[in-house]
Amino acid sequence: DADNRVILNVGGIRHETYKATLKKIPATRLSRLTEALANYDPVLNEYFFDRHPGVFAQILNYYRSGKLHYPTDVCGPLFEEELEFWGLDSNQVEPCCWMTYTSHRDTQDVLTIL
């Protein structure tokens, strides 16, 4: 049903999903979308966010599947920044990705000591 679908243009890449999908994770930027927001374009009937589209694909998949995986083609701090923007908790990263995701923190700690 077209009334239940929402189009999200993230960094020039259009993603389409259902409004109910975005409500699965409450108290996040995507769960609170309304057409009154400045980033909604009524002509195109879409929301535009100038954010990293590759990371967003993983974030949208988290809403769909309930599992947050870390994309290994981006650095940890960028992924953290995107999670923060979308209002997501980095502690929700899946166990299979956790070590890879958190390794940048260990590296930063060592560099701080040096």
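The values are calculated or read from the model by the stated rules, or taken from the named source; none is laboratory data. On a predicted model such as this, the values are computed, not experimentally measured, just so you know. Note: ideal-geometry Cβ built from the backbone for every residue, glycine included; neighbour counts use all protein chains shown.
In the stretch 90-101, the residues that are farther than 13 Å from G66 by Cα reach residues that are hydrophobic (A, V, I, L, M, F, W, C) with C-beta atoms within less than 6 angstrom, at least six apart or across chains, in these pairs: S90/L83; Y101/V93.
Among the candidates T17, T112, T100, T28, the residue that is surrounded by fewer than 12 Cβ atoms within 10 Å (Cβ to Cβ) and either β-branched (V, I, T) or modelled with pLDDT of 95 or more (or both) is uniquely T112.
Scanning the stretch 1-50 for residues that are of a type in the set (G, A, S) and under 19 Å from E84 (Cα atoms) returns G11, A27, S31.
Looking at the stretch 61-86, which of its residues are small (G, A, S) and closer than 20 Å to E16 by Cβ? Passing the criteria: S65, G66. Scan the stretch 11-30 for residues that are closer than 20 Å to L88 by Cα, in contact (Cβ under 8 Å) with a residue 12 or more places away in the chain and outside any loop (DSSP other than H, G, I, E, B) and jot them down. Correct list: H15, T17, Y18, K19, A20, T21, L22, L30. Suppose the filter is at pLDDT 95 or above and of a type in the set (V, I, T); does V55 pass it? Answer is yes for this residue.
Exactly one residue out of Y40, Y47, Y62 is farther than 15 Å from I7 by Cβ and surrounded by 15 or more Cβ atoms within 10 Å (Cβ to Cβ), and it is Y62. For the stretch 10-28, a residue qualifies if it is under 14 Å from the mean Cα position of the chain (by Cα) and within 16 Å of G66 (Cα to Cα), and the qualifying residues are T17, T21, L22, K23, K24, I25, P26, A27, T28.
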